[in-house]
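The next block holds one structure in the form of structure tokens; read it before the comments.
The values are calculated or read from the model by the stated rules, or taken from the named source; none is laboratory data. These numbers come from a predicted model, not from an experiment. Ideal geometry is used to build each Cβ from the backbone, glycine not excepted, and the neighbour counts take in all protein chains shown. Surface accessibility is based on the protein's heavy atoms, side chains included, excluding ligands, DNA and RNA. Shrake-Rupley method; radii C 1.70, N 1.55, O 1.52, S 1.80 Å.
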Amino acid sequence: QVSTEDRQPVPGKWLWYGKQRVQFRPQPLWPAESTIHVSIDPTGMRSLRGGFLPHPVEARFSTGPDKRIEVYLDKQRVNVIENGTVIKTMKASTGKSKTPTGTGSFYIYARFPTKTMKSTGKKPGDPGYYEVKDVPYAQYFYEGYAFHGAFWHNSFGQPASHGCVNLATRRNNRRTGVNEDAGWLYQWASLGVPVTVYKTSPQSHQLVTANEP
């Protein structure tokens, strides 16, 4: 059972990852600013292939503010939302027409202060091959798609990537007067923060421009 401190059940489902890891995914999200209790009876936790937990599980943790990230492909903008308020808007460079950024609802599932990024399924010399070392502030939200700093271009506000969401960074950047958007987002976000990528900007979402360079 997964519930809040006042015994309200948290809807969701358990997913097995490999032979030794099981994960609870709330639907749609963890309630913000709440204490969560987890109590698992191993006799009721069996996978379709017969996997089971050898011992009972009792856990308790607290959730933080309601944090969300929204990406608008038509505006090439990223909105950072906390407790229902847009606290920052950043220019971005998402995927080009031949390497578009996927739309939909995701969440940050992996984070790296620096990461070597390579094209998948290609070898050096193949069309479209790339390898970039020391890419700063990488936050993956769907397969190989990630938010990360891009020090190799200054085309923020228009598509320029292989599908990732490029943000301005001072790390490894020879230009001066550059925003540290990627580092700011890395410090603000965490694993599990929901990410929604929109093809077009919903009319109900007013973009904030006060924080733009």
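The relative contact order of region 57-213 comes to 31 percent, based on Cα pairs under 8 Å that sit 6 or more residues apart. Think of region 1-119 as having a plus end and a minus end, set by charges on the Cβ of Lys, Arg, Asp and Glu; of S93, P9, F112, S93 sits farthest toward the positive end of this dipole.
Would you mind checking the pairs K67/K123; K13/K122; K88/K133; K98/K133; K19/K88 and listing those with alpha carbons more than 31 angstrom apart? Those over the limit are K67/K123; K13/K122; K19/K88.
For region 82-142, relative contact order (Cα pairs under 8 Å, six or more residues apart, normalised by length) works out to 34 percent.
The overall shape of region 96-157 is rounded: from the C-alpha gyration tensor, with semi-axes ordered a ≥ b ≥ c, the ratio a/c is less than 1.5.
For Cα extents along the principal axes in Å, the value computed from the atomic coordinates appears in the list (1) 66, 44, 29; (2) 74, 43, 25; (3) 57, 43, 29 under label (3). By its C-alpha gyration tensor, with a ≥ b ≥ c as the square roots of the eigenvalues, how is region 32-123 shaped: rounded for a/c under 1.5, else prolate for a/b larger than b/c, else oblate? Because a/c hits 1.5 or more and a/b fails to exceed b/c, region 32-123 counts as oblate.
Each Lys and Arg contributes +1 and each Asp and Glu -1, all at the Cβ; summed about the Cα centre of the chain, the dipole is approximately 800 debye. The residues of region 1-123 have, on average, 64 Å² of accessible surface per residue, using a 1.4 Å probe with all protein chains present.
Residues in region 128-196 average 47 Å² of solvent-accessible surface per residue, probe 1.4 Å, ligands and nucleic acids excluded.
Only helices enter this figure: runs of n ≥ 4 DSSP H residues, each worth -39500 (n - 2.57), summed and divided by the residues of the chain, yield -1000 deg cm²/dmol at 222 nm to the nearest 500.
Here the chain exposes an accessible surface that is 49 percent carbon and sulfur, computed with a 1.4 Å probe and the other protein chains kept in place.
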